[in-house]
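Please read the structure below before turning to the comments.
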Amino acid sequence: MVQSFIIEKRPYYNQNKIAGTICHGRKIPSRLLSEHFFKNPATPSFLTNHPPNNLFTTKELNVLFFAMKLFTNQEIALRLGTYCCVVEQIIQQIYRKIDIYSRKQLRDYGIAEGFDNYFPPYLLKGLL
């Protein structure tokens, strides 16, 4: 079984110079780990809460995360606590920004850019 951890890294200073790195790891709660986070749950992967580029707003990144996992607009709206029409508008904004026209193209773009390993930071609130 693959076990996932949150690893925090901080520099260690000695006389105002970096002397090393201190790492602290904690297991990620199993409720956060599901097939929605991994392309293939049997294959170890890395996750990051830093988007691969700065093209999208926080709202767009939140919608993109669920769209990459093949959630419908209604499912995304339910998870984000908003309306389906708002999700549709955000998806259209994303389409315009990257000049695409379909969910298939969105997923292909996301995989090519590394968004398949991205998760929104709000999912870890209360864990760190």
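For residue 25, neighbours were defined as the other residues whose beta-carbon sits under 15 Å from its Cβ, and their charges (Lys and Arg +1, Asp and Glu -1) total +3. Partners of residue 17 within straight-line reach, counting lysines whose Cα lies under 18 Å from its Cα and excluding those fewer than 8 residues away in the same chain: 9. Only alpha carbons enter this Debye calculation for the range 37-124, each as an equal point scatterer, and the log10 of I(q)/I(0) it gives at q = 0.12, 0.15, 0.25 Å⁻¹ is -0.33, -0.52, -1.45. In straight-distance terms, cross-link reach from residue 69 covers every one of the lysines whose alpha-carbon lies under 22 Å from its own, apart from those fewer than eight places away in the same chain; here that gives 39, 59, 97, 104, 125.
Using only Cα atoms, locate the centre of the range 88-102 and the centre of the range 56-76, then give the distance between them in Å, rounded to an integer. First find each Cα centre; the distance between them is then 11 Å.
The numbers here are math on the coordinates, done by the rules we state, and not lab data. Keep in mind the model is a prediction, meaning the values are calculated, not measured. Note that we place each Cβ from the backbone using ideal geometry, even for glycine, and neighbour counts take in every protein chain shown.
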